[in-house]
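The values are calculated or read from the model by the stated rules, or taken from the named source; none is laboratory data. The structure displayed is predicted, hence computed values, not measured ones. So basically every Cβ, Gly included, is an ideal-geometry build from the backbone, and we count neighbours across all protein chains shown.
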Amino acid sequence: MLSRLRRYLVTGLIVVAPIGMTVWVLVWLFEHLDAILGQWLPVPVRFPGVGLLALLVILLFVGWMLRWAVGRRLVSWWNRLLSRLPLTRRVYNASSQIVQSLLDRDENVFQSVALIEYPSPGSYAIVLVTAPAPSSVGRLHPGEDLVSAFLPTTPNPTTGYLLLVPAERLKIVDMTVEDAMKFIISAGVVAPEPDQPRMRGLNVERLIRDAGKRRP
């Protein structure tokens, strides 16, 4: 039962992700245009957690619906519609390509962790190497082995900068992507070592023990 729900959830996520990105951009545009025009539609009551619950229900429903021929035809029709409408096709096609490229990869999206001299000489930042630079960019710099590297920000690594840099400027670090993310999110507080045992989740026993020590 759980494996079936997990399969439905993943399948629904694959289908809904490009649609969600497209809807998010459209909502963003609507809200900004609405703000400019001064037409506010306030919602007096908000229920925290309802949005997340609704999202899970939608993902499970879409994943379950794809089991049936009618559901697959409906999703195919919706896919063709969004990929052709002038208002949605750019965002939808781009987000669909991103999701598909992530699914087609057998390995991790990030190939390695590296250091780059940034933002000034003598200072270094952690980057995540993703892939070789596009050939259209490489042709502008013949003789240079350009790679794409993502420079995440602290404490929110989902934002950052995409750098196209020569590979020789990068110093590969013996660190997993997961450990690098911990290091970035914690602002350097969590610095995993190669021989340090990997921690999964919270150390509940330690939290209880430390909480007891702090009592007056």
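All but one of (1) within 22 Å of P132 (Cβ to Cβ); (2) buried (at least 17 other Cβ atoms within 10 Å of the Cβ) hold for A167; which doesn't?
Going through the list (1) within 22 Å of P132 (Cβ to Cβ); (2) buried (at least 17 other Cβ atoms within 10 Å of the Cβ), A167 breaks only (2).
Could you please find all residues in region 122-148 being touching a helix residue (DSSP H, G or I) at 6+ places or on another chain (Cβ under 8 Å) and either outside any loop (DSSP other than H, G, I, E, B) or of a type in the set (G, A, S) (or both)?
I126, L128, P132, L146, V147
Identify, from the list A149, A187, the residue that is farther than 19 Å from S112 by Cβ, at pLDDT 80 or above and in contact with a Ser or Thr (Cβ under 8 Å, 6 or more places away or on another chain).
A187
Return the residues of region 105-146 that are among the charged types (D, E, K, R) and modelled with pLDDT of 85 or more; say none if nothing qualifies.
Within region 105-146, E117, D145 meet the criteria.
Among the residues of region 108-148, write down those that are closer than 17 Å to I172 by Cβ and among the hydroxyl-bearing types (S, T, Y).
S112, Y118, Y124, T130, S148
Run down V62, V57, V70, V75 and say which single residue is loosely packed, with under 13 Cβ neighbours inside 10 Å and either modelled with pLDDT under 80 or not in a helix (DSSP H, G or I) (or both).
Going through V62, V57, V70, V75 in turn, just one is loosely packed, with under 13 Cβ neighbours inside 10 Å and either modelled with pLDDT under 80 or not in a helix (DSSP H, G or I) (or both): V57.
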